[in-house]
1. Which residues, counting only those in segment 65-89, are open to solvent by less than 60 Å² (accessible area, probe 1.4 Å), closer than 14 Å to residue 105 by Cβ and either of a type in the set (Lys, Arg) or more than 12 Å from the chain's Cα centre (by Cα) (or both)?
2. Give the residue that is surrounded by the fewest Cβ atoms within 10 Å (Cβ to Cβ), with candidates limited to residues of segment 38-64 that are among the β-branched types (Val, Ile, Thr) and without any contact (Cβ under 8 Å) to a residue 40 or more places away in the chain.
3. Got a number for residues in segment 3-27 being at pLDDT below 75 and assigned to a helix (DSSP H, G or I)?
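The values are calculated or read from the model by the stated rules, or taken from the named source; none is laboratory data. No experiment lies behind these values; they were computed from the predicted model shown. Every residue, glycine among them, receives a Cβ derived from its backbone with ideal geometry; neighbour counts consider all protein chains shown. In case anyone asks, the SASA skips ligands and DNA or RNA and just uses the protein heavy atoms, side chains included. Shrake-Rupley method; radii C 1.70, N 1.55, O 1.52, S 1.80 Å.
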Amino acid sequence: MKSLQKLILPLLIIAVIALVYLVYFSSDGGLGSFADFDTNNSAVKDIKVQVLQDRGINNNTFYVSDKRGNVVLVQADKIPPGMESAQTVILRGHLNKDSFHAHAVLLN
């Protein structure tokens, strides 16, 4: 009985560490959400989004969609070659009230 009691605490600690890792540090590789951004904060963060190719790419601006289906206009400093065929991209920037300002656009 005492050996069982000594085993319970380490197992509980391991379970808590695993839960924290799965919730906070694990990435599912899916699309991100613009709801995670604050329009009053200009901190640069990354988000993976789907490029809406049917709306076109003009003068470093294009439209993207997040995992919730929110469509946002992106104004990029520079668009990398191959953007015309990309399905998803990682945007590094911040969300404004009416658009997303991307300091960098990374192809997947």
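1. Going residue by residue through segment 65-89, those that are open to solvent by less than 60 Å² (accessible area, probe 1.4 Å) are 65-66, 69, 72-74, 76, 79-80, 82-83, 86, 88-89.
Remaining after also requiring closer than 14 Å to residue 105 by Cβ: 72-74, 76, 79-80, 82-83, 86, 88-89.
Hits for segment 65-89 are 72, 73, 74, 76, 79, 80, 82, 83, 86.
2. Of the residues in segment 38-64, the ones among the β-branched types (Val, Ile, Thr) are 39, 44, 47, 49, 51, 57, 61, 64.
If we keep only those that are without any contact (Cβ under 8 Å) to a residue 40 or more places away in the chain as well, we get 51, 57, 61, 64.
Values: 51: 22, 57: 17, 61: 15, 64: 24.
Among those residues, the one meeting the criterion is 61.
3. The initial filter retains those residues of segment 3-27 that are at pLDDT below 75, namely 4, 23-27.
After this cut, where a residue has to be assigned to a helix (DSSP H, G or I) as well, the list is 4, 23-25.
Number satisfying all stated conditions: 4.
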